[in-house]
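So the structure is just underneath, and the comments pick up after that.
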Amino acid sequence: MGKSKKKQKKTAAEPAGTPDPVVETDAGTPFSDALRVGDDFVLADVDPRATPEFDGGKAEGKAALQEVDDELDALQEMLFAGSTAGDRRRVLLVVQGMDTAGKGGIMRHVVGAVDPQGVQIRAFKKPTEEEKQHPFLWRIRKALPEAGMIGVFDRSHYEDVLVVRVHDLVPPAQWARRYATINEFEQGLVDDGVTLIKVMLHISPEEQKERLTERLERPDKYWKYNPGDVDERAHWEAYQEAYQAVMDRCSTEAAPWFVVPADRKWYARLAVQRLLLEHLRALDLRWPPADFDVEAEQERLAAS
Ligand code: AMP
Ligand code: MG
C-alpha cells in the first residue's frame, strides 16, 4: 500500500491521534460573568428587558443563536464520548422562572438543538402522592443526568423553597432548613462531576400579563393557559422575595445562580445557550483515545 506510517510516541496525557478540543478554552465567559449572582445581588435591580453582553436586536439575536449550534452539538457529543471511556462528568441545567417566563422556549430552541440522545429533560410538577411520602430531594436525585449527559430541569428542587414558601405548603421552620440542605446537596453533585448551571428567567409582571393575554386570544395557545396562573400573579411580590432569598442563600461558589433578563424571548434563549456553551467549553473536553490498536484494526479491516 506504500502509505507511510509515521508513529507518534504515545504519552499518557496526550495519546497519539487525540484531536484538539473544539475550541480553545480561552474564549472567555462573558455571559457567565455578566449574569452570575454574586454578593449583594438585588433581583429588583435587574431590568427584565435588558440584554447584557449583546448589542444587537431580535434579528441579530436569532442569528447569533444559530451560530454556535454546531459547536454545542460537538461539545455534547464529546461529553458523551468521554463517558464511554469512564469520564463521569455531566451537566445539569436548572431552569426556573415565573409562569410564562419562557421555559418551554428554552427547551425547544436551546436544548432542542442538541442531539436528543444526549439530553435528559425532566419537568417537575406538583408532587405526586408517592413523591410526597419522601424527602423533597428524593424525586430530584432520581432524575439526575447520567455520566456524559446534559440533564435539564424544567423547575426543580427550588420549587420547594419558592411555591412552597409563598403558599406555606410546609411550616416555615421546615422550608427554612432547605436552603442549607440544597447547598449541601449541590456541593455533593459538583464533587461528583456535575456541572450545575442554575438559571432564573426573570420577567416583569407586565410582560407576563401580555403573554397570558395572548394565550387567551389564540386557540393554539389555550393549552398553555392555566387559570391558576392568574391566582399566582396575585403573589408576585412574595415570589420575588422568595427568589431573592434563593439568590442570597443558594448562589454558591460551587453552584452559582444566573439571572437572565427574559422579557425578550430571543435574548433569554441566546443567553441560556451561551451559558450552556461557556460551561461546556470550560470542561476542556477531549475525544477519548481509542482503547484498541488503531493501526492493527486498520490492517485487519483492509485485509478483510
Ligand atoms: P408548569 O411548570 O407551568 O407546568 O407548572 C407546574 C406547577 O407545579 C407549578 O405551578 C409549580 O409551582 C408546581 N410545583 C412544582 N414543584 C412543586 C413543589 N415541589 N411543590 C408544589 N408545587 C410544585
Ligand atoms: Mg404553567
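In whole angstrom, the chain maps to an equivalent ellipsoid with semi-axes of 40, 23, 18, each derived as √(5λ) from the alpha carbon gyration tensor and ordered largest first. Applying both filters, DSSP loop and at most 11 other Cβ atoms within 10 Å, to the GluC sites (Glu not before Pro) of the stretch 117-225 gives Glu146.
Taking the chain as a Gaussian network of alpha-carbon nodes connected by springs under 10 Å, the highest mean-square fluctuation of the residues Gln76, Gln273, Gln187 belongs to Gln187.
Surface composition of the chain: carbon and sulfur make up 49 percent of the accessible area, probe 1.4 Å. Rounded to the nearest 20, the Cβ-based charge dipole of the stretch 36-285 about its Cα centre (Lys and Arg +1, Asp and Glu -1) stands at 680 debye.
Taking the chain as a Gaussian network of alpha-carbon nodes connected by springs under 10 Å, the highest mean-square fluctuation of the residues Asp191, Asp99, Asp47 belongs to Asp191.
To the nearest 10 degrees, how steep is helix 172-191 against the longest Cα principal axis of the chain, on a 0 to 90 scale? Once rounded, one gets 10 degrees. Highest mean packing comes first when the peptides 102-112, 58-68 are listed by Cβ atoms within 10 Å, giving 102-112, 58-68.
The values are calculated or read from the model by the stated rules, or taken from the named source; none is laboratory data. Just so you know, these numbers come straight off a predicted model, no measurement behind them. Cβ atoms come from the backbone with ideal geometry, glycine included; neighbour counts cover every protein chain shown. With ligands, DNA and RNA removed, areas are computed over all heavy atoms of the protein, side chains included. Shrake-Rupley method; radii C 1.70, N 1.55, O 1.52, S 1.80 Å.
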